[in-house]
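Derivation of every value follows stated rules applied to the coordinates shown; laboratory data play no part. Because the structure is a prediction, the values reported are computed rather than measured. Don't worry about glycine lacking a Cβ; one is built from the backbone with ideal geometry, like all the others, and counts go over all protein chains shown.
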Amino acid sequence: MRFLLDTHLLIWYGYFPERLSSGACNLIEDQNNDLIFSIASIWEAAIKYDLGRKGFERGPSILRREFLRNGLGELPILGEHAEAVSGLQPIHKDPFDRILIAQAMVEGITLLTSDAVVAKYPGPIRLV
């Protein structure tokens, strides 16, 4: 199965695995699953890194390189992803989460998230 990991799951997977739920660990560690990260997550990490946010101590180029080295696929942001954001209900205000939701819907990839608000959206989203 293909899974798009939200930004926090990516950071936790790479640097704070103890924060992952057992369900998230099982899905991420299953070799039959195809894990994907969005360029939106790299963009979000870059902003939070520059702001000095806790948990974002590694620069975006290091994160991206490590995700690729660990076999994660990279999903660019396409125009149709941006267009799909306009059709989302205003459940969640975070623009990075909204683009991840739109990408999952457009691409037919299940978004794995630890955010209960994100999981309220219909579509291929799984709370772990």
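What to note about this one:
- Take the Cα of residue 117, go 7 Å toward its beta carbon, and the backbone nitrogen atoms of the range 84-108 under 17 Å from that spot belong to 88-102.
- Around the Cα centre of the chain, unit charges on the Cβ atoms of Lys, Arg, Asp and Glu (plus for the first two, minus for the last two) sum to a dipole of about 260 debye.
- Residues of the range 1-36 with amide N under 14 Å of a point placed 7 Å along Cα→Cβ from residue 126: 1-6, 21-36
- Comparing mean-square fluctuations of 88, 51, 75 from a GNM of the chain with C-alpha springs under 10 Å, the top value falls on 51.
- Theoretical FRET efficiency, 1/(1+(r/R0)^6), r = Cβ-Cβ of residue 18 and residue 93, R0 35 Å, to 0.05: 0.75
- Among 67, 37, 16, the residue with the largest mean-square fluctuation in a Gaussian network model of the chain, with springs joining Cα atoms closer than 10 Å, is 16.
- Relative intensity, log₁₀ I(q)/I(0), of the range 19-67 from a Debye sum that treats every alpha carbon as a point, q = 0.26 Å⁻¹: -0.97
- Whole-Å distance, taken between Cα centres, linking the range 17-61 and the range 68-88: 15 Å
- Within the range 35-68, the GluC sites (Glu not before Pro) that combine a DSSP coil assignment with at most 12 other C-beta atoms in a 10 angstrom radius are 57.
- GNM remark for the chain: springs join alpha carbons under 10 Å apart, and the peak mean-square fluctuation among 19, 98, 53 falls on 53.
- Convex hull of the chain built on C-alpha atoms - directionally averaged projected area, nm²: 7.3 nm²
- Put a dot 7 Å past the Cα of residue 69, heading toward its Cβ, do the same for residue 86, and the two dots end up 4.1 nm apart.
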